[in-house]
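Engineer: There's a structure below that I have some questions on.
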Amino acid sequence: MLLLVMDTSSAVVTAAVHDGDTVVGHAVEHGAQAHGELLAPVIERALADAGARPSDLTDVCAGVGPGPFTGLRVGVVTARVMGEALGIPVHGICSLDVLAFQAFVESGFALDRLAVAADARRKEVYLRVYGRGARPASDPAVLKPADVDAEVAAGVVVGPGAWLYPDAFPGRAEPRELDGAAMAELVAARLQTGGDLLPPEPLYLRRPDAVENAQRKRVTPS
Amino acid sequence: MADEPLVLGIETSCDETGVGIVRGTDLLADAVASSVDAHARFGGVVPEVASRAHLEAMVPTIRRACDDAGIALSDVDAVAVTAGPGLAGALLVGVASAKALALSLGKPLYGINHLAAHVAVDQLQHGRLPEPTMALLVSGGHSSLLLVPDVTADVRPLGATIDDAAGEAFDKVARVLGLPFPGGPHIDRAAADGSIVIDFPRGLTSSRDMERHRFDFSFSGLKTAVARWVEAREAAGEPVPVTDVAASFQEAVVDVLTRKALLACRENGVDHLVVGGGVAANSRLRALAQERCDDAGVTLRVPRPALCTDNGAMVAALGAEMVRRGRSPGGSGLPADSSLPVTQVSVQ
Ligand SMILES: [Zn+2]
């Protein structure tokens, strides 16, 4: 197996390569408005770090968010087109799952309840709750920090959204950022155990903003 | 011909997901998926709706283009993509896709200007462009008059719209007349049954405007004049002669477009005119341009309608010309630029 993972669901643009045993390549850049410029060079660096060529890859996986749509699509379409060009399967993973996995590993596998919050802009967060083994206990949702279940908000909450709204999340904890290497570990493990991976489809959770056509506007004053 | 490079082009600047494949000036495939129906109920293109549609359409459209051309992706020698101008989020889907292709295949990537591609596409139908060429580009997003000494490196804007694009004016007037979106084809059809009997204003043609805005266009005043005329009829309780209004409005648009294009040809000593963009599908624009070019001894080149609207073939056509002329490709970090100036033909 030679797996390439990438995530563009936040201001962190990252890619990593996993050979079935361990992470063999990793690269990261920061830039909230520059996913389109940063991702391809980050992938090239992760591949170079692994000493691999694109044609060596056997699987590709993109973080499907939730996250700001424009950046999210850069990762998802990159993974889809690479899969098409290389003739390999394309997977998706909920980006919040990666942060939950990171927190679980960092806690020495001790955490049995936590939530992950990411920045959803418009003063809202994307939130998902996890139980024992960092297994999802809710679907990802978009919420105002004040509307998060009080027990969840008071518990351990990781991810960029928790640190953006410190008053709403008194139990905020590390990690703040998604780590590409941890993502590669998690996806490789799921691939090897037949665990849950998603289709490479963005988790939008919001409809496009658009107003249906109203009556035509008059130009003559009435 | 067989040793010319095989170039795949990707276009996502507005609501069409286009993937074209050319070898030199030979068109092998022109696959387009349009999200126009998803925008119709909003009366215009909704950027987020367009971006979502591009993502869904990208891989199927690439696949269809390869099938149509009878090639495998691994046969491609270079990838070209519209880097701008256009809708920022929509452009990004195409640029990311092109980078993913170029990276996977280990092939060069050309980030190119959408407007120059509208000119270059004519090579697929009428052979290599004479140099210089004059180009009139008219669509829902642009109305430009360009002097083109070299479509891969030297494109000079002579004028552009100072308010609405020509295609936008068609959409807005169609709305006033109760015709569906997009307005261009419906106005064209209605006008065919009408007569040019209303004298609507010709924007920026007064002698004072011809000094300051010699090759610029303005369609906002015309659109308002049409709305006023229709409202006055309605206020008087009289029926609106939709076909006559459509014909008269259309005439006002194409009269100014062709008059200024031919003036630009004469003053710059250019004897070839390319007309491109979605509005080039308009039958009256084609007819009047032909008539006036014939009178002026200018050769008119208008690609067939499928090549005039946004598509991937035009991007591939310009990419192939870039390869042929040895222009340097862009890097994997090249940006999409929603307001890319027409003078910048490629992005590094
Ligand atoms: Zn166009």
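Residue-by-condition table, conditions (1) farther than 22 Å from B:GLY331 by Cβ; (2) part of a helix (DSSP H, G or I); (3) within 16 Å of the ligand (Cβ to nearest atom):
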residue	(1), (2), (3)
B:TYR110	no, no, no
B:ALA117	no, yes, yes
B:LEU137	yes, no, yes
B:GLY140	yes, no, yes
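Engineer: Continuing with this model, one more query. Go through the stretch B:266-278 and give me each residue that's crowded, with 23+ Cβ neighbours inside 10 Å and away from the ligand (no atom under 16 Å from the Cβ). Break it down stepwise before answering.
Structural biologist: So in the stretch B:266-278, the residues crowded, with 23+ Cβ neighbours inside 10 Å come out as B:273-278.
B:LEU273 - this is the single residue of the stretch B:266-278 that is crowded, with 23+ Cβ neighbours inside 10 Å and away from the ligand (no atom under 16 Å from the Cβ).
Engineer: Which of the residues belonging to the stretch B:232-242 are part of a helix (DSSP H, G or I) and surrounded by fewer than 17 Cβ atoms within 10 Å (Cβ to Cβ)? Step through it out loud before you land on a result.
Structural biologist: Narrowing the stretch B:232-242 to residues part of a helix (DSSP H, G or I): B:232-235, B:242.
The answer is B:ALA232, B:ARG233, B:GLU234, B:ALA235.
Engineer: Answer yes if at least one residue in the stretch A:98-111 is at the interface with chain B (Cβ under 9 Å from one of its Cβ atoms), charged (D, E, K, R) and open to solvent by 30 Å² or more (accessible area, probe 1.4 Å), and no otherwise.
Structural biologist: We begin by selecting, within the stretch A:98-111, every residue at the interface with chain B (Cβ under 9 Å from one of its Cβ atoms); these are none.
Scanning the stretch A:98-111 turns up no residue that is at the interface with chain B (Cβ under 9 Å from one of its Cβ atoms), charged (D, E, K, R) and open to solvent by 30 Å² or more (accessible area, probe 1.4 Å).
Engineer: For the stretch B:77-98, which residues satisfy the criterion of being open to solvent by 10 Å² or more (accessible area, probe 1.4 Å) and more than 15 Å from the chain's Cα centre (by Cα)?
Structural biologist: As a first pass, look at the stretch B:77-98 and keep what is open to solvent by 10 Å² or more (accessible area, probe 1.4 Å): B:77, B:85-89, B:92.
Listed by number, the residues that qualify are B:ASP77, B:ALA88, B:GLY89, B:LEU92.
Engineer: Residue under question is B:ALA252, and the condition is that it be touching a strand residue (DSSP E or B) at 6+ places or on another chain (Cβ under 7 Å) and open to solvent by less than 10 Å² (accessible area, probe 1.4 Å); does it hold? Even if it seems obvious, please write down each step before you answer.
Structural biologist: Working: touching a strand residue (DSSP E or B) at 6+ places or on another chain (Cβ under 7 Å): no; open to solvent by less than 10 Å² (accessible area, probe 1.4 Å): yes.
No: the conditions fail for B:ALA252.
Engineer: Checking the conditions here, which among B:SER51, B:SER13 is polar (S, T, N, Q), within 21 Å of the chain's Cα centre (by Cα) and in a helix (DSSP H, G or I)? Show your work before the answer.
Structural biologist: Working: B:SER13 fails: in a helix (DSSP H, G or I).
Just one listed residue meets the conditions, B:SER51.
Engineer: For the stretch B:46-71, how many residues are within 12 Å of chain A (Cβ to nearest Cβ) and open to solvent by less than 50 Å² (accessible area, probe 1.4 Å)?
Structural biologist: Residues meeting the conditions: 16.
Engineer: What number of residues within the stretch B:189-214 satisfy the criterion of being surrounded by fewer than 21 Cβ atoms within 10 Å (Cβ to Cβ) and either over 20 Å from B:GLU251 (Cβ atoms) or in contact with a Lys or Arg (Cβ under 7 Å, 6 or more places away or on another chain) (or both)?
Structural biologist: Residues of the stretch B:189-214 surrounded by fewer than 21 Cβ atoms within 10 Å (Cβ to Cβ): B:189, B:192-199, B:201-202, B:205-214.
Now drop any that are not either over 20 Å from B:GLU251 (Cβ atoms) or in contact with a Lys or Arg (Cβ under 7 Å, 6 or more places away or on another chain) (or both), which leaves B:207-208, B:211-214.
Matching residues across the stretch B:189-214 total 6.
Engineer: Here's something else I'd like to know. From B:ASP122, B:ASP154, B:ASP163, B:ASP150, grab the single residue that is crowded, with 24+ Cβ neighbours inside 10 Å and either within 16 Å of the ligand (Cβ to nearest atom) or more than 14 Å from chain A (Cβ to nearest Cβ) (or both).
Structural biologist: On the way: B:ASP154 fails: crowded, with 24+ Cβ neighbours inside 10 Å; B:ASP163 fails: crowded, with 24+ Cβ neighbours inside 10 Å; B:ASP150 fails: crowded, with 24+ Cβ neighbours inside 10 Å.
The match here is B:ASP122.
Engineer: Sticking with this one: Only one of B:SER13, B:SER34, B:SER74 is within 16 Å of the ligand (Cβ to nearest atom), surrounded by fewer than 21 Cβ atoms within 10 Å (Cβ to Cβ) and of a type in the set (Ser, Thr, Tyr). Can you tell me which? Explain how you work it out, then say what you get.
Structural biologist: On the way: B:SER13 fails: surrounded by fewer than 21 Cβ atoms within 10 Å (Cβ to Cβ); B:SER74 fails: within 16 Å of the ligand (Cβ to nearest atom).
The conditions single out B:SER34.
Engineer: Looking at the stretch A:72-85, can you tell me whether even one residue there is in contact with an Asp or Glu (Cβ under 8 Å, 6 or more places away or on another chain), modelled with pLDDT of 95 or more, assigned to a helix (DSSP H, G or I) and facing chain B (nearest Cβ under 7 Å)?
Structural biologist: Quick first cut of the stretch A:72-85, residues in contact with an Asp or Glu (Cβ under 8 Å, 6 or more places away or on another chain) only: A:75-76.
So of that shortlist, the ones also modelled with pLDDT of 95 or more come out as A:75-76.
Of the ones still in play, those that are also assigned to a helix (DSSP H, G or I) are A:75-76.
Then drop every residue that is not facing chain B (nearest Cβ under 7 Å), which leaves A:76.
Within the stretch A:72-85, one or more residues are in contact with an Asp or Glu (Cβ under 8 Å, 6 or more places away or on another chain), modelled with pLDDT of 95 or more, assigned to a helix (DSSP H, G or I) and facing chain B (nearest Cβ under 7 Å).
The values are calculated or read from the model by the stated rules, or taken from the named source; none is laboratory data. Since the structure is predicted, the reported quantities are computational estimates derived from the model, not experimental observations. All Cβ positions, even for glycine, are placed from backbone atoms using ideal geometry, and neighbour counts span all protein chains on display. Ligands, DNA and RNA are excluded from the accessible area calculation, which covers all protein heavy atoms including side chains. Shrake-Rupley method; radii C 1.70, N 1.55, O 1.52, S 1.80 Å.
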